[in-house]
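What follows is a single structure, written as structure tokens, with notes after it.
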Amino acid sequence: MKAVVTLDGQIQIADVPAPRLDDHSILVQTEYSAISPGTELMMQGINRTSPVILGYSAAGIVQQIGKEVSHIKVGQRVACYGAPYVKHAESLAVPRNLAVPVPDCVSAAEASTVGLGAIAVHALRQAGLQFGESVVIAGLGILGQMIAQIAAAASYQVTAFDIMEERCAAAEQLGIVGVCRSAEEVGERIAKETNRLGADCVILCAGGKQSNLVDQALHWIRDRGKVVIVGDLKMDFSRDLMFAKEAELLISRAGGPGRYDFTYERGGIDYPIGYVRWTEGKNMAEYMRLIAGGHIRIKPLISKIWPFRQAEHAYAYYRANLKDTLGIVLDYGIPASLEKGLG
């Protein structure tokens, strides 16, 4: 079968072995897969002597199910998340905990962003916010846009910040009220909205090596507030600022509990709900519910849909148009008669 790989800094379509079904997995024919602009563009930039298959978020139609799979049926559309099982490839063998049914009203293109959606949901869970509390989302790429919408749907007091006008305008078009275009504007809004107490949490979704962004977040939060890091940031910060507020600095690791746990992912063994309420699989399902219920809008975040066989052009376009490109998904050319909910 064909898959998207990076080799010597170049994107290629390569022949790779077809996946094999086991008792705890399902076999999926891929309809769409979503490119992760942070992780995948970074991986492309590393020169490698052997090909690496890219991707971790997709949607498709179930072709076969393993003996131990009961919550998914053949012919059903599913959203899938998690490398190395999910990738930009024509066929996927996905462990049962990493696939969730897609509601009929959600398109396959939207559902293919489930990996990014689970990451966004888990980032907010790491923030540990209570009803009525305030959050600043710094960095309005596709992850920041998702987090801002989910936070608004949960009725948190949301401040969204980016220095790129295009991304700020996109957030406003999605209904985010508190969009700021400078750090000074963020400070003024926080002071007004919290009676100068400070934000309960700042979620950092910006990429790059901005060494002052963590310190800026520490200025914005209240006493004993939290800073959650989602983007790939340089981890330099002032001890004095952190000490003065006894702040918490947290990392949000992927889509939630279960990620990188071989027993949960490959073995298909779930955690007891009394001990782990929100696993990565449950976060994926919650993301589907948010889209289906109209609580968040994902179609406006998909800037381009590119044919799978032209993946190299999709990555090149992403690199050349970072300011006004939020999401790109790859289309595998499944006949329109199989599509549900596309408009």
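The values are calculated or read from the model by the stated rules, or taken from the named source; none is laboratory data. Predicted, not measured: the structure shown is a model, and the values here were computed from it. Positions of Cβ are generated from backbone atoms using ideal geometry, with glycine treated the same way; all protein chains shown enter the neighbour counts. Areas reflect the complete protein model, heavy atoms only, side chains present, ligands, DNA and RNA absent. Shrake-Rupley method; radii C 1.70, N 1.55, O 1.52, S 1.80 Å.
Highest-first packing order for the peptide set 88-95, 322-329 is 88-95, 322-329, based on the mean count of other beta carbon atoms within 10 Å. Distance from the alpha carbon centroid of the range 1-78 to that of the range 262-322 works out to 13 angstrom. The mean sequence distance of close C-alpha pairs (under 8 Å, at least 6 residues apart), as a share of the length of the range 63-180, puts its relative contact order at 17 percent.
Largest first, the extents of the alpha carbon coordinates of the range 31-181 on the three principal axes equal 49, 41, 26 Å.
How high is the relative contact order of the chain? Use alpha-carbon pairs under 8 Å, at least six apart in sequence, and give a whole percent.
Details: 758 pairs, mean separation 64.9, N = 343.
The normalised contact order for the chain reaches 19 percent.
The trypsin sites (Lys or Arg not before Pro) of the range 238-298 that DSSP puts in a loop, and whose beta carbon has at most 12 other beta carbons within 10 Å, are ARG277. Projecting the alpha carbon convex hull of the range 257-343 along each direction and taking the average yields 8.6 nm². Both numbers refer to the Cα atoms of the range 168-309; Rg and Dmax are 18.5, 54 Å. Using the reciprocal of the averaged 1/r over all distinct C-alpha pairs, how large is the Kirkwood radius of the range 147-218 in Å? Value: 12.8 Å, from the Cα pair sum. Between ILE229 and LEU204, LEU250, ILE251, SER252, the built amide H atoms are under 5 Å apart, and every one of these is 5 or more places off in sequence or on another chain. For the pair HIS71 and TYR260, a Förster radius of 22 Å applied to the C-beta separation gives a FRET efficiency near 0.50, rounded to the nearest 0.05.
Let me have the relative contact order for the range 232-301, percent, based on Cα pairs under 8 Å that are six or more residues apart.
On the way: 26 pairs, mean separation 16.2, N = 70.
About 23 percent, as a whole number.
Once Rh for the range 1-101 is found with the Kirkwood sum over Cα pairs, what is the Stokes-Einstein diffusion coefficient at 37 °C and 0.692 mPa s, in µm²/s? The partial results should precede the final answer.
Numbers: Rh = 13.7 Å.
This corresponds to a translational diffusion coefficient of 239 µm²/s.
Percent of alpha carbon pairs in the chain separated by more than 26 Å? Summing the P(r) tail past 26 Å for the chain gives 48 percent.
Ignoring ligands, DNA and RNA, please state the percent of accessible area on the chain from carbon and sulfur, probe 1.4 Å.
Details: 7790 of 15120 Å².
Carbon and sulfur together cover 52 percent of it.
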